[in-house]
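The values are calculated or read from the model by the stated rules, or taken from the named source; none is laboratory data. Since we're looking at a predicted model, the values are computed, not measured. A quick note on method: Cβ atoms are made from the backbone with ideal geometry, for glycine too, and the neighbour counts reach across all protein chains shown. We work out accessible area using only protein heavy atoms, side chains counted, and drop any ligands, DNA or RNA first. Shrake-Rupley method; radii C 1.70, N 1.55, O 1.52, S 1.80 Å.
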Amino acid sequence: MGVHVSLVLVTRTGTSTRGRTLRYLESAGRSGDTFAGVCADSGLPLLSRVDPYRSLILTEADMPQFVSEIEATRARYGDAKTVALLDAVHALARRCAAQPDLEIHLDGD
């Protein structure tokens, strides 16, 4: 049961949700249980919402909080694998924050 982190470009045609086209641009790798565990152990409000069984979509508006929680969580870990994963997620979040038509998709298995 893992959580996969993806940066997604959303193209909208009209105002209906049916007009949404998603294009997956990049992912933070197949994190397996690592990211799900980090989120569960974080004790932070946004990261605690990440569920290894469901999907969570974050938009540009969520990025300031998401970025700060990733940074705070990264500071607590010393192992290279977890730090590298959090750095990759952080990079995707920074890209999402800079462009309104991007989303971060946190997809559980």
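Once the whole set of protein chains is in place, how much accessible area is left on GLU69, using a 1.4 Å probe, in Å² to the nearest 10?
That residue has around 10 Å² of solvent-accessible surface.
For VAL10 and LEU44, what is the calculated FRET efficiency with R₀ set at 22 Å and r taken between the beta-carbons, to the nearest 0.05?
Taking R0 as 22 Å, the efficiency between VAL10 and LEU44 is 0.30.
Averaging sequence separations of C-alpha pairs under 8 Å and six or more residues apart, then dividing by the length of the chain, give the relative contact order as a whole percent.
It comes to 40 percent, rounded to a whole number.
Lys and Arg at +1, Asp and Glu at -1: add these up for the other residues within a Cβ distance under 11 Å of LEU106 and post the number.
So the environment of LEU106 carries a net charge of -2.
How much length is gained if the chain between SER68 and LEU25 is pulled fully straight, taking 0.36 nm per residue apart and subtracting their Cα-Cα distance, in nm to one decimal?
Extra length from SER68 to LEU25 when fully extended: 13.2 nm.
Treating only the Cβ atoms of Lys and Arg (+1) and Asp and Glu (-1) as charged, compute the dipole magnitude of region 34-109 about its Cα centre; round to the nearest 20 debye.
180 debye
Could you work out the per residue convex hull volume over the alpha carbons of region 34-92, in cubic angstrom?
Dividing the Cα hull volume of region 34-92 by its residues yields 77 Å³.
If you take the charge dipole of the chain about its Cα centre, with +1 on Lys and Arg Cβ and -1 on Asp and Glu Cβ, which of ALA91, GLY14, ALA80 is farthest toward its positive end?
Comparing the listed Cα positions along the dipole, GLY14 ranks first.
If you line up the long axis of helix 80-98 against the longest principal axis of the chain, both from Cα atoms, how many degrees apart are they, to the nearest 10?
Taking the Cα atoms of the chain, the angle to 80-98 is about 30 degrees.
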